[in-house]
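Worksheet for the structure shown next.
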Amino acid sequence: MKIVPLGPPGVGKGTLAKKISENFQIPHISTGDIFRRLAEEGDPIGAKARDEYWGHGNLVPDEITNELVRITLAKPEYRENFILDGFPRTRDQAEALDTFVGDYIPLLLTASDQTIRTRILNRLTCSNKDCEGIYNSVTKVPKYARKCDCGSELIRRKDDNKKALPIRMAEYQKNSPGVLAYYGGRVLEIDAEQSSEKIYQEVINLFS
Ligand code: AMP
């Protein structure tokens, strides 16, 4: 099974991907996580991507991102199954993805701008990159203040703030029509106004 969730930042792609990945042992790839990890490791491409692009809410250019995804998807562990979260975000990326792999399902998650805003501005992310825990200080409050269930500290992402949010939303609004037009009837759609549990259940029903 190869699933490619699409939708605005903060709509719940990462939460859904984590659940599917854990319950079905499907590897989860997140382009945002790859960029964040590269930056933390001091990789020059990672640092450039953070300082010039994602740290400000802008997309990393297609040439860099496409190459990163091409190299990643060529690994044997992604041959049969994966859930790819965060890519494609432009029509060029969608076209590139079709040259990297064939049989995947684009799955669009939709929610209102107000819902997205609330989710992003209250999002807390686990600092342990191997955990990927995602919480919300309003709707999914952690059991212990600022602590993930895994015990690691919860942090706010550098780009989850009021300054970067409108830039990220504008990027999405500019690019997503091209992506959706490219996929046309291939896209399955899920109402992501619902709770993460209901979204997950709906996706499972779609695939069973
Ligand atoms: P995400 O965690 O998916 O919200 O991604 C965080 C940031 O990484 C985005 O705001 C972009 O700057 C960058 N990024 C992630 N995926 C892509 C992509 N497919 N194309 C361009 N930039 C990306």
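Just so you know, all these numbers are worked out from the coordinates, no wet-lab data involved. Predicted model only: the values in this text are computed from it and were never measured. With ideal geometry, Cβ positions are generated from the backbone for all residues, glycine too; neighbour counts draw on all protein chains shown.
Numbers below:
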item	result
Protection proxy ranking, peptides 8-14, 126-132, average beta carbon neighbours within 10 Å, highest first	8-14, 126-132
Antiparallel bridges, percent of DSSP beta bridges restricted to the chain (to nearest 5)	40
Region 103-148, Cα convex hull volume normalised per residue, Å³	104
Relative contact order for region 96-208, counting Cα pairs under 8 Å that sit 6 or more residues apart, in percent	33
Taking the C-alpha atoms of the chain, convex hull volume expressed per residue in Å³	120
Local net charge near T115, Cβ-Cβ under 14 Å (Lys/Arg +1, Asp/Glu -1)	+3
Cβ-defined net charge surrounding H56, 15 Å radius [Lys, Arg +1; Asp, Glu -1]	+3
Built amide H within the under 5 Å cut-off of S30, gap 5+	D85
Region 36-79 - percent relative contact order, Cα under 8 Å, separation 6 or more	18
Cα-derived Rg over Rh, computed across region 1-101 with Rh taken as Kirkwood radius	0.95
The chain, relative contact order [Cα under 8 Å, separation at least 6], %	30
Relative packing of peptides 32-45, 53-66 - highest average C-beta neighbours within 10 Å first	53-66, 32-45
Summed side-chain charge close to Y183 - residues other than Y183 whose Cβ falls under 10 Å, Lys, Arg +1, Asp, Glu -1	+1
